[in-house]
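The numbers here are math on the coordinates, done by the rules we state, and not lab data. Nothing here was measured: the structure is a model prediction, and the numbers come from that model. All Cβ positions, even for glycine, are placed from backbone atoms using ideal geometry, and neighbour counts span all protein chains on display.
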Amino acid sequence: MKIEYRILVVDDNASTLEIIQRNLTSGGYKVYISSNAMDAISFLNNEKVDLVITDYKMPKVNGLELTRYIRENYHDTEVMMITGYPSVPGAVNAIKGGAEEYLAKPFTSEELIQTVNKVIEKLEVIRSNRASFNSSSFEQYGMLGNSNAIKKVYREIEKSNRTVATVLINGESGTGKELIARAIHYGSKRSSSPFVPINCGAIPETLLESELFGHVKGAFTGADVSRAGFFLTADGGTVFLDEISDTSPAMQARLLRFLQEKEVCMVGDSKTRKVDVRVIAASNKDLLSLVKKGIFREDLYYRLNVISISVPPLREREGDIAILANHFLKKSSQEMDCEIHEISEEALKILVNYSWPGNIREFENLILRLVVMKEDIQISVADLPSHMKQSLKVQQNLHRTLEAVEKEYIQNVLNHVDGNKTKAAGILGISRKTLRTKLLSPE
């Protein structure tokens, strides 16, 4: 059964109320109206409302004050601000006050419906996160998550478990590529045999060949004894070649031959040995683009890419943020032997909206750091790093000038580098003088 969302519209203009009510009702929403903030508060005390749409400038109690009141007293109600006086400072104040979206008058019915739909979608994510945070963890293959993006990965792991074909895992750094490789290995018939992970980028090129294929005594200076390589020690199991894109053309040629022949020839030896090893490779770079640039062998790419798994970055797994936060919070609290029980709803909301360039690794390290530094039982917005709090972006609209958008972006970059104009100018690709001129220019 479709949920009928309840919306309260607050505006001192009767015509605006009528238009918004008509448009939203035709969009499938249950709409209530109020001509002032005090009546709206009385209504909220008696009725459950999913979204409040309020005008910015109203007599006695304005929309910003109403927004703050709702944020403090109705945690399950979202707020959207509308105004006939659009400005960047006004939008910033609205967002800081707790409004989820900011829409400037005049707006079309399509713009109104689209913005309201966006707020409702965000509300559902927050509600899902809140429920997930207090529920049992969603764990599968040693990974946590219940979003559609991670469920797709689970299905691909299941398919990989049923075959011995090579697998190529693509994903940004910190997304858990090795965890997926382990899930494939331990879910397959090879689970009782070795799983050997190798970071190709962390081993010097001069040593990588010896590490992978082994060497015989006297093969090179320092080779005092013969040593089996990773492919031999993993016989019957799986070798995980992480950051495969960092290998040299010569190593790529040797890996290609190994995949074709399933034979190992130790450095300094002339004899080959048959091995039964499954190869799972991973890269945080687009291998196909490297192939087109001539950096990575095309034939090796297709040998590796029999089964392909793309790992979603954390920013595309909104529904998993609370699940992961709950898990990392419990884990870190136990490790540090302290009593941190929860993350506030507003702090969780910031975690959901943050872009997570370091993905899962960054998330886990952040929670550990917060637990170490925290003295009471709840992690709040004040505990979060400043760059995360500043990452809550003011929603753009089509009524803002290009100059206003540019100025806001410049200010966001400055905030990110803690006001360092030299660093900001470097990121923006302009001189300090140009940066100063743009900051001083009127809107």
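List the trypsin sites (Lys or Arg not before Pro) in region 2-51 that DSSP assigns to loop (not H, G, I, E or B) and whose Cβ has at most 10 other Cβ atoms within 10 Å. Which are they?
Of the trypsin sites (Lys or Arg not before Pro), the ones in loops of region 2-51 whose Cβ has at most 10 other Cβ atoms within 10 Å are K2, K48.
Over region 148-310, what relative contact order in percent results from Cα pairs under 8 Å that are six or more residues apart?
Relative contact order comes out at 32 percent.
Can I get the semi-axes of the chain's equivalent ellipsoid? Compute them from the C-alpha gyration tensor as square roots of 5 times the eigenvalues, in angstrom, largest first.
They are 53, 25, 21 Å, listed largest first.
Anything over 26 Å Cα to Cα? Flag those among K285/K349; K285/K389; K30/K122; K189/K293; K57/K118, in the order listed.
In this structure, K285/K349; K285/K389; K189/K293 lie more than 26 Å apart at Cα.
What percent do you get for the relative contact order of the chain when only Cα pairs under 8 Å and 6+ apart count?
The value is 13 percent.
Grab the alpha carbons of region 319-381, take their convex hull, and tell me the volume per residue in Å³.
In region 319-381, the Cα hull volume divided by residue count equals 75 Å³.
Once amide H atoms are placed 1.01 Å from N in the peptide plane, what residues at a sequence separation of 5 or more from Y102, or on another chain, have their amide H within under 5 Å of its amide H?
M81, Q395
If you stretched the chain out fully between N199 and Y32, how much longer would it get, using 0.36 nm times the residue separation minus the C-alpha to C-alpha distance?
Residue separation times 0.36 nm, minus the Cα-Cα distance, leaves 54.2 nm.
Rounded to the nearest Å, what's the spacing between the alpha carbon centres of region 11-41 and region 180-216? Just the number, please.
63 Å
May I ask you to derive the relative contact order of region 284-443, considering only C-alpha pairs under 8 Å and at least 6 residues apart, and to give it as an integer percent?
Taking the mean separation of contacting Cα pairs over the length of region 284-443, I get 17 percent.
Which one of E78, E121, E178 has the biggest mean-square fluctuation once the chain is modelled by GNM with Cα springs under 10 Å?
Comparing E78, E121, E178 in a Gaussian network model of the chain, the most mobile one is E121.
Ranked from highest to lowest mean number of other Cβ atoms within 10 Å per residue, what is the order of the peptides 278-287, 331-340, 228-237?
Output ranking for 278-287, 331-340, 228-237: 278-287, 228-237, 331-340.
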